[in-house]
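K.L.:
There's a structure below that I have some questions on.
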Amino acid sequence: MNIWQPDPDENMVARSSVAFATGAASRVKGMRWFRDTERHDIQHELAGWPAGPSFTPHTSAGSAAQKTLLGAAKVAGVAVMALLSSAGGNVTGTSVAPSEEGKDTPDEPTNEVDDFPVMWAAPMTRARTLPWQLDPGRMKRKNGHTHLIVTDQRLVVVLLSVRERVFEDEMIWECPLTEIEAVTPRNFKEGNDFTITFKDGSWSRLCSSGRQQLMRYLAPPRDLIPLETLPPPQRQAVLDFTAENENSDSAPANITRNPTGRLRAEILLPARLTPAFGIAEVRVTLDAEGRRVDIDDYLPGDF
């Protein structure tokens, strides 16, 4: 495998698949736009970008019709299930549950219901440098997957391709953390979106099934705690945890402090990299005495 690795003085803390977000409200469902600060479409101005789809928001009448059809389909589905059940059938339904953070109320109706910009950028700003491969309308997943990598120094976007069962990374974008003003969760609908706002005022809205993993070190920013600075009980607990999960592909534990004051140690496992999701991790939460905290005893800030 030719997988991207951080510099010797750099720690990778998260890696997950990522793409520009997609509208979920009826008027903008399945759509996205690239805007300047006057809300003009700028996709034709982005250097090196191939042609992509142009979208027109659904009309209010069209949105209402979509909702009516969806409602009718749900009613019909319920009726069919009821009929099958009444006939003695053992029928169960399955669905993919949205993120626990998803919600039906938009935070920014202008940018989530009436319009759906995934890039907001004046000329010569950082957001305009984002790679076109993040756009699902231009990049077909059979040609590769885009992953966002978070380190303690920068953000990196790589294009991961699989050739004859061998993973190959190509770095296509990077940005120092010092150029990032904020990373903000966007919970409308599925709860997988987030925006990265750069210090020049430009921003981008991205989507990742691993949002929680990616944002853990960014919102708010968390500094890594050196192992040698821990008191002996916690230091030994981290060493024991590392030894349990140590192999040739694992990285050293990344240690941070939860809002609860408890320690969190995470180990990334590059050998368990998948194109659709990213790198798997194992983690442990420790109390002040170095004892492992069972998930049943987690406080909200430990999750």
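Each value in this text was obtained by applying a stated rule to the coordinates, not by laboratory testing. Bear in mind the structure is a predicted one, so any value in this text is a computation, not a measurement. Note that we place each Cβ from the backbone using ideal geometry, even for glycine, and neighbour counts take in every protein chain shown.
K.L.:
Once you put a point 7 Å from the Cα of residue 181 and another 7 Å from the Cα of residue 163, both along the Cβ direction, what distance in nm separates them?
P.N.:
Distance between label points: 4.1 nm.
K.L.:
Moving to a separate point now. What whole-number distance in Å separates the alpha-carbon centres of the range 1-25 and the range 173-194?
P.N.:
12
K.L.:
Can you sort 142, 189 by how many other beta carbons sit within 10 Å, fewest first?
P.N.:
Exposure proxy ranking, most exposed first: 142, 189.
K.L.:
By how many degrees, between 0 and 90 and to the nearest 10, does the Cα long axis of helix 232-245 differ from the longest principal axis of the chain?
P.N.:
60
K.L.:
Which residue fluctuates the most in the chain, going by a Gaussian network model with Cα springs under 10 Å, if the choices are 12, 119, 171?
P.N.:
171
K.L.:
Could I ask something else about it? Note the count of lysine pairs whose C-alpha atoms are less than 23 angstrom apart in the chain, limited to pairs 8 or more residues apart or on different chains.
P.N.:
The number of close lysine pairs in the chain is 10.
K.L.:
Is the range 157-303 rounded, prolate or oblate when judged by the Cα gyration tensor, a ≥ b ≥ c being the square roots of its eigenvalues, rounded requiring a/c under 1.5 and prolate requiring a/b larger than b/c?
P.N.:
Oblate is the answer for the range 157-303, as a/c is 1.5 or above yet b/c matches or exceeds a/b.
K.L.:
Now a separate question. Hey, can you grab everything whose amide H is under 5 Å from the amide H of residue 174? Only 5+ residues off in sequence or another chain; H modelled, so Pro and N-termini drop out.
P.N.:
Amide H neighbours of residue 174, under 5 Å, 5+ apart: 157.
K.L.:
Considering the values [x] 1.29; [y] 0.99; [z] 1.15, which represents Cα Rg over 2.2 N^0.38 Å as calculated for the structure under consideration?
P.N.:
Checked against the structure: label [z].
K.L.:
Provide the net charge surrounding residue 194, with neighbours chosen by a C-beta distance below 11 Å and charges set as Lys +1, Arg +1, Asp -1, Glu -1.
P.N.:
Working: positive: 186, 205, 211; negative: 101, 193.
That works out to +1.
K.L.:
Would you mind checking the tilt of helix 60-86 against the longest principal axis of the Cα atoms of the chain, expressed as 0 to 90 degrees and rounded to 10?
P.N.:
80
K.L.:
How big, on average over all directions, is the shadow cast by the Cα convex hull of the range 227-302, in nm²?
P.N.:
For the range 227-302, the mean projected area of the Cα convex hull comes to 5.6 nm².
K.L.:
For every other residue with a beta carbon closer than 13 angstrom to the beta carbon of residue 131, add +1 if it is Lys or Arg and -1 if Asp or Glu, then tell me the sum. Before the final figure, lay out the partial values.
P.N.:
Details: positive: 126, 128, 138; negative: 135, 170, 174.
Net of charged neighbours comes to 0.
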